[in-house]
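Below is one structure, written out as structure tokens; the observations come after it.
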Amino acid sequence: MKLRPPFPQSTEHAPARWRSAIARRLCSLAAMALVAWPGSAVHAQAAGAPSAGRSHVWLVGGGPDPEASQGQIELNVLWVADIVRSLAPQADLRIFFADASPEVRDVRIWSRPAEGQATLQPLARVFGQQEFNGNQYRKHHIGGTVHGTRVDQLGATLARDFSALRPGDRGLFVFNGHGLRDLSDRAGNTLRLWDDTRLSVRELERLAGSAPPAVPMRFVFTQCYSGGFMRLIRPQARDTRTLAAYNRCGFAAESADRLSEGCSASIDSGDYRDYTTYFFAALSGMTRAGQRLPRSPDRDGDGTVTLHEAHLYALLEGHNADLPRATSEVYLERWQPAWLRYIDTTSEPDNEYGRLAAELAQRLGLPPRGRALQRALQTRHQALEQRLEAIDRQSHRLDDEITQLQQRLQRGLVQRWPEAAHPHTAAYARFLATELGAAQSYLTAQKDYPALAERQDRRAALDLEQVGVDRDITQLDKVLRLRQLARLSEQFERFATPSARREYQQLDRCERTPL
């Protein structure tokens with residue numbers, strides 16, 4: 001099996017990699033800020049901070065409907081808001097979350113239901129609803145929201161706010177939620193907003209055009225297919241090499257074609273591995289559990305963790321299925337002339353990205369560089385791909401067995417209680433009120449029921465194992481991506497025109513602009 005590169009020369013056109021059933025539901029969440037590493041005397045606003053103006057932060061979160069507005073999104077929004085208030089207490093923070101009306105329950109929380117008749121778990125297993133049986137819905141707990149995220153409300157507010165910015169101000173737009181992709185046009189990738197409305201890359205680019213050109217506008221997107229929003233740095237979000245006449249930059253958890261990690265309905269933040277979790281840990285100097293980080297994200301040792309350093313920390317420390325990217329990196333990929341794509345493909349420059357690649361390789365127990373690293377990457381990649389194929393075969397077998405067991409149990413149940421075959425009816429309501437206990441006792445007494453529960457639990461465990469293997473593969477893909485970025489960076493230093501250098505330096509400065 002040939003080792004697949006994680007992305008082509010332009011990651012905006014990378015093929016998607018579809019794996020586990022759980023991975024198909026993953027997306028992610030993030031935000032950014034700037035902070036001095038704990039113990040440092042350097043404050044977050046040091047090192048080139050503007051002397052005037054104000055920081056403006058737009059924090060947009062939630063799903064398009066209650067089912068897709070998971071508890072993790074709410075917790076991330078709360079965490080981001082607290083960190084912004086701590087790092088920049090004078091910032092104008094505006095929060096938009098899901099539905100604005102108090103009567104709509106716009107957050108879904110999940111916890112594992114107990115195995116017993118009181119939770120209706122026997123009935124849920126037999127009718128394939130066991131994954132949803134732990135769901136609860138409530139109104140979000142985020143105070144101080146401006147309004148919901150429906151596109152008509154959000155778009156009008158952003159247009160007013162962006163146009164009100166003044167020279168010396170700084171803007172930060174953060175999205176925490178879900179995304180969709182447009183297979184024919186990456187500028188058609190969208191943010192999924194409340195009431196199943198959407199905001200595309202191209203539409204957001206037009207809104208951002210309301211801001212004064214010189215105002216630094218930073219964007220953070222960690223939803224699925226978030227890399228499409230790196231087009232915000234281009235004129236009219238077109239696929240060109242030229243930058244728009246604005247001071248924009250940002251970060252994304254993934255490419256325009258890949259799913260991102262996150263969006264669990266669980267409220268156990270200790271399980272979160274999304275881009276937000278690592279990015280904000282770098283900025284705050286603490287984990288979500290309030291512990292010091294195992295390694296300092298301050299890579300240049302100047303006492304200040306920049307946005308770009310936080311991005312690199314999330315890339316190195318995040319054992320997840322994300323391949324994060326920054327606008328400066330995407331610029332290098334898009335800049336590369338065709339004639340450079342097929343030469344110098346094996347060099348290992350000693351620059352920032354080359355050192356990052358070697359560091360990550362050593363953490364993974366691989367040789368740091370050279371042909372030994374290439375062979376080790378290919379060998380491990382092949383082994384992990386083979387493991388995924390084996391898991392996929394086991395999953396298909398279990399799916400068939402589960403379906404057969406469910407069908408037998410359903411037939412027996414419906415023969416005794418025909419009302420059970422017609423949910424959402426008055427007869428079904430009477431069945432639940434008068435016959436539920438007897439029906440569930442019947443199900444649990446059948447010999448097929450323990451076999452069903454065992455196979456369903458094994459199938460869920462395989463889903464989790466798939467996610468774990470996918471995460472391991474992504475770590476190898478990160479090494480490959482970093483090595484390619486190292487070569488691109490070296491080529492850029494040798495061959496870039498003065499205008500390209502000025503554009504790249506503009507992005508680099510923007511990514512290091514204080515909050």
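Observations on the structure shown:
- Failed criterion for His140 (all others in (1) in contact with an Asp or Glu (Cβ under 8 Å, 6 or more places away or on another chain); (2) surrounded by fewer than 20 Cβ atoms within 10 Å (Cβ to Cβ); (3) part of a loop (DSSP other than H, G, I, E, B) hold): (2)
- Restricting attention to segment 208-225, the residues that are touching a strand residue (DSSP E or B) at 6+ places or on another chain (Cβ under 8 Å), outside any strand (DSSP E or B) and among the hydrophobic types (A, V, I, L, M, F, W, C) add up to 4.
- Some residue of segment 97-117 being in a helix (DSSP H, G or I) and surrounded by 16 or more Cβ atoms within 10 Å (Cβ to Cβ): yes
- Highlighted here are the helices (runs of 4 or more DSSP H) found entirely within segment 299-367 that include at least 3 residues which are closer than 21 Å to Leu259 by Cα: 307-317, 327-335.
- Beta carbons closer than 7 Å, at least 6 apart along the sequence or on distinct chains, never pair a first residue in segment 453-477 that is within 18 Å of Gly318 (Cβ to Cβ) and hydroxyl-bearing (Ser, Thr, Tyr) with a second that is assigned to a helix (DSSP H, G or I) and at pLDDT 95 or above.
- Any hit, segment 253-273, residues being touching a Pro at 6+ places or on another chain (Cβ under 6 Å) and at pLDDT 90 or above: yes
- Pro450 falls short on exactly one of the conditions (1) surrounded by fewer than 17 Cβ atoms within 10 Å (Cβ to Cβ); (2) within 30 Å of Thr379 (Cβ to Cβ), and that condition is (2).
- Helices (runs of 4 or more DSSP H) wholly inside segment 397-501 that include at least 3 residues being among the basic types (Lys, Arg) and under 30 Å from Glu348 (Cα atoms): 448-495
- Unmet criterion (only one of (1) farther than 30 Å from Gln129 by Cβ; (2) in contact (Cβ under 8 Å) with a residue 24 or more places away in the chain) for Leu398: (1)
- Evaluation of Ala289 against the conditions (1) touching a Lys or Arg at 6+ places or on another chain (Cβ under 9 Å); (2) assigned to a loop (DSSP other than H, G, I, E, B); (3) of a type in the set (Gly, Ala, Ser) shows that the sole unmet condition is (1).
Residue-wise test of (1) farther than 23 Å from Leu78 by Cα; (2) small (Gly, Ala, Ser); (3) surrounded by fewer than 21 Cβ atoms within 10 Å (Cβ to Cβ); (4) in contact (Cβ under 8 Å) with a residue 12 or more places away in the chain.
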{"site": "Gly209", "(1), (2), (3), (4)": "yes, yes, yes, yes"}
{"site": "Val220", "(1), (2), (3), (4)": "no, no, no, yes"}
{"site": "Gly227", "(1), (2), (3), (4)": "yes, yes, no, yes"}
{"site": "Leu232", "(1), (2), (3), (4)": "yes, no, no, yes"}
{"site": "Ala244", "(1), (2), (3), (4)": "yes, yes, yes, yes"}
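- The set of residues from segment 169-197 being in contact (Cβ under 8 Å) with a residue 60 or more places away in the chain and either surrounded by fewer than 19 Cβ atoms within 10 Å (Cβ to Cβ) or in a loop (DSSP other than H, G, I, E, B) (or both) comprises Asp169, Arg181, Asn189, Asp195, Asp196, Thr197.
- Selection count, segment 442-452, where residues are of a type in the set (S, T, N, Q) and free of Cβ contacts under 8 Å to residues at least 24 places away in the same chain: 0
The values are calculated or read from the model by the stated rules, or taken from the named source; none is laboratory data. The shown structure was predicted, so the numbers you read here are calculated from the model rather than taken from an experiment. Cβ sites come from the backbone with ideal geometry, for glycine too, and all protein chains shown count toward neighbours.
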